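Okay, so here's the structure we're looking at.
The values are calculated or read from the model by the stated rules, or taken from the named source; none is laboratory data. Remember, predicted model here, so these are calculated numbers, not experimental data. No Cβ is skipped: glycine too gets one built from the backbone with ideal geometry, and neighbour counts run over all protein chains shown.
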Amino acid sequence: MDNVNPASPSDQDCAEDKFEGIIGNGTGLKFVLTEVQRVAPTDSTVLVLGETGTGKELIAHAIHHISPRCGRPFIKLNCAAIPFDLLESELFGHEKGAFTGAIAQKMGRFEMADTGTLFLDEIGDIPLALQPKLLRVLQEQEFERLGGGRTHRINIRLVAATHRDLAEMVKRNEFRSDLYYRLNVFPVVLPPLRERRPDIPQLVSHFVGLFARRVGKHVDHIPKETLDAFTSYSWPGNVRELQNLIERAVILSNNGVLPNPLPKSDKNGNTNPLSVSDENPVTVTLSQGTFDGSTRALILRALQRAEWIIGGPSGAAARLGLKRTTLIAKMKKLGISRPVRQVEVAGLNQNLEPDRPWQPTAD
Ligand SMILES: Nc1ncnc2c1ncn2[C@@H]1O[C@H](COP(=O)(O)OP(=O)(O)OP(=O)(O)O)[C@@H](O)[C@H]1O
Ligand SMILES: [Mg+2]
């Protein structure tokens, strides 16, 4: 059963590269890995949060791998993948005859994970009815198998993950607040890929190398337009989507050239409004002169964030990684001008700057 990993694949090399296989060098991922390094040596519960495909499971493995429990069992259970009726028995085990069909005694995941790490994936999907029992075992590190009277004491470290907003679920009474607080001891939040674009080129070359080896192909050229398209796409499925797209592109590659597998509208960026964090401007896209509708949106957003100041260290040009004069020229070319300021007086909108076209200020 793929949920059970009695021994982590990395058990043999606990002392080797801590974050092997976790690709990316941007500030977003670096911050996450620093947090992981801080919490891993403790026994504290870690709650890994993030959209689908952002690498939550990878991080859960890393926590175990660099913790003193490395070499001990790493047991995973995906709470969303087990039918409600079976979940309790999967977690806590059962005695023979505990319920119809319980023809033999069975160990639960808590027992299997004893002395090691239990990874409860999709914890937001755990039914309300089971939550008090989960809270008890987390607080007291003891439980009984279904149909059994004997109390089992265990020593586990819990790592839980979900793509759901647990705080919202608590508000809607879909998740118990006491369990939420017990889980939320040390949250680690993985940003979506669209907020860590500087990681994309490195991820692309990692996956190209991986799949080229796997399918026995030689891919040695990634055209700049293809890389630009990857860098500006919004990646709703995050790293998993990128990984799958590169696999397809490698299979389709000819003469060592990686094709662009993104749908046409995405190649133009039109269907995927760019979202750029302040920390990670898409310098590569702009400074290399790829211009389209999405670039206009990107420039507008940077201008709004910089309150229409173009130059200076926190101006829009610096945010975009462009020279001030280059940005002004591009704004003129794209017809971007500052919106007219409006003030509402006694219910009437008064235009303060009628007809005067905006001119870049000396800032
Ligand atoms: N930084 C990264 N470097 C290399 N591979 C990554 C990275 N992040 C994610 N991946 C890969 O992307 C895929 C999805 O990652 P993972 O299963 O950890 O995501 P997840 O957040 O648990 O997704 P879901 O919520 O859908 O379960 C995996 O194949 C994983 O190896
Ligand atoms: Mg997962």
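At-a-glance table
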| item | result |
| --- | --- |
| Failed condition for Glu88, given (1) touching a residue at least 60 places away in the same chain (Cβ under 8 Å); (2) away from ligand 1 (no atom under 12 Å from the Cβ) | (1) |
| When residues of the stretch 93-124 are limited to those that are acidic (Asp, Glu) and either more than 16 Å from ligand 2 (Cβ to nearest atom) or not assigned by TED's automatic domain parsing to the domain that holds Arg153 (or both), the one farthest from Gly147 (Cα to Cα) | Asp114 |
| Contacts under 6 angstrom Cβ, first residue in the stretch 32-56 being on the phi > 0 side of the Ramachandran plot, partner in a loop (DSSP other than H, G, I, E, B) and within 14 Å of ligand 1 (Cβ to nearest atom), 6 or more apart | Gly50/Leu190; Gly53/Gly237; Gly55/Leu190 |
| Residue match in the stretch 169-176 (condition: assigned by TED's automatic domain parsing to the domain that holds Leu47, within 16 Å of ligand 2 (Cβ to nearest atom), under 26 Å from Gly53 (Cβ atoms) and not in a strand (DSSP E or B)) | no |
| Any hit, the stretch 206-216, residues being small (Gly, Ala, Ser) and not in a loop (DSSP other than H, G, I, E, B) | yes |
| Selection within the stretch 41-66 - of a type in the set (S, T, N, Q) and either surrounded by fewer than 23 Cβ atoms within 10 Å (Cβ to Cβ) or modelled with pLDDT under 95 (or both) | Thr42, Ser44, Thr45, Thr52 |
| Ser314 being more than 16 Å from ligand 2 (Cβ to nearest atom), at pLDDT below 85, over 23 Å from the mean Cα position of the chain (by Cα) and not in a helix (DSSP H, G or I) | yes |
| Considering residues of the stretch 137-166 that are in a helix (DSSP H, G or I) and under 28 Å from the mean Cα position of the chain (by Cα) only, the residue nearest to ligand 1 (Cβ to nearest atom) | Leu166 |
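Let's see how each residue does on (1) among the basic types (Lys, Arg); (2) closer than 17 Å to Gly53 by Cβ; (3) in contact with a Gly (Cβ under 8 Å, 6 or more places away or on another chain):
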| site | (1), (2), (3) |
| --- | --- |
| Arg214 | yes, no, no |
| His218 | no, no, yes |
| Lys224 | yes, no, no |
| Thr231 | no, no, no |
| Pro236 | no, yes, no |
| Leu242 | no, yes, no |
| Leu245 | no, yes, no |
| Arg248 | yes, yes, no |
